[in-house]
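The values are calculated or read from the model by the stated rules, or taken from the named source; none is laboratory data. Every value quoted in this text rests on a predicted model; they were computed, and no experiment measured them. Every residue, glycine among them, receives a Cβ derived from its backbone with ideal geometry; neighbour counts consider all protein chains shown. Note: areas computed on protein heavy atoms with side chains; ligands, DNA, RNA excluded. Shrake-Rupley method; radii C 1.70, N 1.55, O 1.52, S 1.80 Å.
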Amino acid sequence: MSQKYEFSFPVKGDNFDDAGKASIQIKKRLKGLGITGDVLRRTAIAIYESEVNIISYARQGNINIRVTDDNISINIRDSGPGIADIKQAMQQGYSTANDRIRKMGFGAGMGLFNIKNCSDDFEILSKANKGTLLKILINR
Ligand SMILES: Nc1ncnc2c1ncn2[C@@H]1O[C@H](COP(=O)(O)OP(=O)(O)O)[C@@H](O)[C@H]1O
Ligand SMILES: [Mg+2]
């Protein structure tokens, strides 16, 4: 019999103290569901980079994960400024991170590029001054 699991984690904008916490919780849950190796690694990277982006650029967001026998689908939705030029934002090294964010070691401009690299299917939807939705699919 095929099983489906779904869970969500909220992420607060600007809360750098907790950066990585949601990702770690989610990784534990995925391990508990028997996900390991390259699939776990790629999923964890994609979620971590998305979490840091919510904290860095948005007011608040939500990470939703759905696990089936076949795949892991992750929807990351935030309320925030949105991404005006998605093609530019996807470029390696492109970042609008301010000094404060860079001093904490973020803002290398590799996040979205890495998320896409880790995904088997990846889509960004964004509305100016509303927010951003990342749809990530990873096959098991
Ligand atoms: N959730 C988001 N909301 C608004 N802008 C975003 C979001 N995620 C990414 N961006 C924009 O895309 C750029 C590139 O993101 P990313 O590749 O993760 O690199 P970095 O976070 O290091 O800047 C960011 O600098 C920012 O301008
Ligand atoms: Mg980033």
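Remarks
- Charge context of Gly109, other residues only, Cβ under 14 angstrom, K/R +1, D/E -1: +1
- Viscosity 0.890 mPa s, temperature 25 °C, Stokes-Einstein D of segment 1-46 from Kirkwood C-alpha radius, µm²/s: 205 µm²/s
- GNM flexibility winner over the chain from Ile45, Ile86, Ile54 (Cα, springs under 10 Å): Ile86
- Total charge dipole magnitude, the chain, about the Cα centre, Cβ charges on Lys, Arg, Asp, Glu only, Debye to nearest 20: 200 debye
- Other residues within the sphere of radius under 9 Å centred on the Cβ of Lys12, judged by their own Cβ, net out at -1 (K and R +1, D and E -1).
- Here the translational diffusion coefficient of the chain follows from Stokes-Einstein with Rh set to the Kirkwood radius across Cα pairs; for 4 °C and 1.567 mPa s it amounts to 86 µm²/s.
- Carbon plus sulfur fraction of accessible area for segment 5-139, probe 1.4 Å, in percent: 46 percent
- Given charges at Cβ of Lys, Arg, Asp, Glu: the chain dipole, positive-most of Leu33, Met110, Asn75: Leu33
- Val52 accessible area, 1.4 Å probe, all protein chains in place, Å² to nearest 10: 10 Å²
- Segment 5-139 - accessible surface per residue (Å², probe 1.4 Å): 55 Å²
- For Val11, the residues whose amide H sits under 5 Å from its own are Gly61, Asn62, Ile63, ignoring neighbours fewer than 5 places away on the same chain, with H placed 1.01 Å from N.
- Straight-distance candidates among the lysines for linking to Lys21, with alpha-carbon spacing under 18 Å and chain neighbours fewer than 8 residues away dropped: Lys12, Lys31.
- Note on Asp120 and Met104: the model spin-label points, each 7 Å out from Cα along the C-beta direction, lie 3.3 nm apart.
- Highest-MSF residue in the chain out of Lys127, Lys87, Lys28 [GNM, Cα springs under 10 Å]: Lys87
- Positive minus negative residues near Asp121 (Lys, Arg vs Asp, Glu; Cβ under 14 Å): +2
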